[in-house]
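Data first, discussion second: the structure below is written as structure tokens.
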Amino acid sequence: GAGVSQSPSNKVTEKGKDVELRCDPISGHTALYWYRQSLGQGLEFLIYFQGNSAPDKSGLPSDRFSAERTGGSVSTLTIQRTQQEDSAVYLCASTVGAGDTDTQYFGPGTRLTVL
Amino acid sequence: AQSVTQPDIHITVSEGASLELRCNYSYGATPYLFWYVQSPGQGLQLLLKYFSGDTLVQGIKGFEAEFKRSQSSFNLRKPSVHWSDAAEYFCAVGSSGGSYIPTFGRGTSLIVHP
């Protein structure tokens, strides 16, 4: 069956440009997470969507970062005025429900390089 | 606040040798614990998880982990490592208080020598 997909797989951009990263979760999964994985670091939580509830944005590192989830499915993470420190792999994950025991299903990630 | 520590950044083992990856957590109540594996260029895949009951949990690919409350540990083990096990391994603790946001450790990179 279809898993979590992310696009693009790689993105190279110039400092100061805006980028959009896309995540297609598993159909029927109600929760969606975005994480950032920098070289040698663990997963840094960015934002969490659950159903129609207001998203938990507590992990967004600055106001240059935003995300939306349309129709409870596809999500887009936008980074405005990119900086070199934004270079990382951005991972998306979805879960079937909102329970803290739920398995997270991850996409392959988008590798962002800011020159 | 919950936290997860994976004290080993890198672990090198020979193929066929046994493996133990360490994970320590800090959590106020009974934790929900996970181990994920990330192969190069891939997302994370769940190996196993612990919620309650038997403290020895079996997972996929021949892995197991044991929850030890007294030591706040959830170490991952495998009796005989295969070259294909070379990957990054992440321990995670489930959230509480309804926030549903897990905390991940920094990961342990497993290198397997032939």
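Observations
- What the Cα atoms of the protein assembly as shown give is an Rg and a Dmax of 17.6, 52 Å.
- Residue B:111 contributes an accessible area of around 70 Å² to the protein surface, as traced by a 1.4 Å probe with all chains present.
- Contact order relative to length of the stretch A:11-115, as percent, for alpha carbon pairs under 8 angstrom and 6 or more apart: 37
- Over the stretch B:1-81, the ratio between the Cα radius of gyration and 2.2 N^0.38 Å evaluates to 1.11.
- Note on chain A: with a GNM built from Cα contacts shorter than 10 Å, the maximum mean-square fluctuation among A:22, A:81, A:36 falls on A:81.
- Accessible area in the full protein assembly, largest first, 1.4 Å probe, for B:68, A:15, B:61: A:15, B:61, B:68
- Of all DSSP beta bridges in the protein assembly as shown, antiparallel share, percent nearest 5: 90
- A convex hull fitted around the alpha carbon atoms of chain A yields 99 Å³ per residue.
- Measuring between alpha carbons in the structure, the pairs from A:11/A:57; A:17/A:57; A:57/B:49; A:11/B:61 lying more than 28 angstrom apart are A:11/B:61.
- When only alpha carbons are used to place a centre, the stretch B:56-114 and the stretch A:18-42 end up 21 Å from one another.
- A simple charge model with +1 on the Cβ of Lys and Arg, -1 on the Cβ of Asp and Glu and nothing else charged puts the dipole of the stretch B:49-114 at about 100 debye relative to its Cα centre.
- Fully extending the segment from residue A:101 to residue A:18, taken as 0.36 nm per residue of separation minus the present Cα-Cα distance, adds 26.3 nm.
- Cα lying deepest toward the dipole's positive end in chain B, options B:107, B:19, B:31, charges on Cβ: B:31
The values are calculated or read from the model by the stated rules, or taken from the named source; none is laboratory data. Quantities reported herein were computed from a predicted structural model and do not represent experimental measurements. So basically every Cβ, Gly included, is an ideal-geometry build from the backbone, and we count neighbours across all protein chains shown. Protein only, heavy atoms only, side chains kept; ligands, DNA and RNA dropped before computing areas. Shrake-Rupley method; radii C 1.70, N 1.55, O 1.52, S 1.80 Å.
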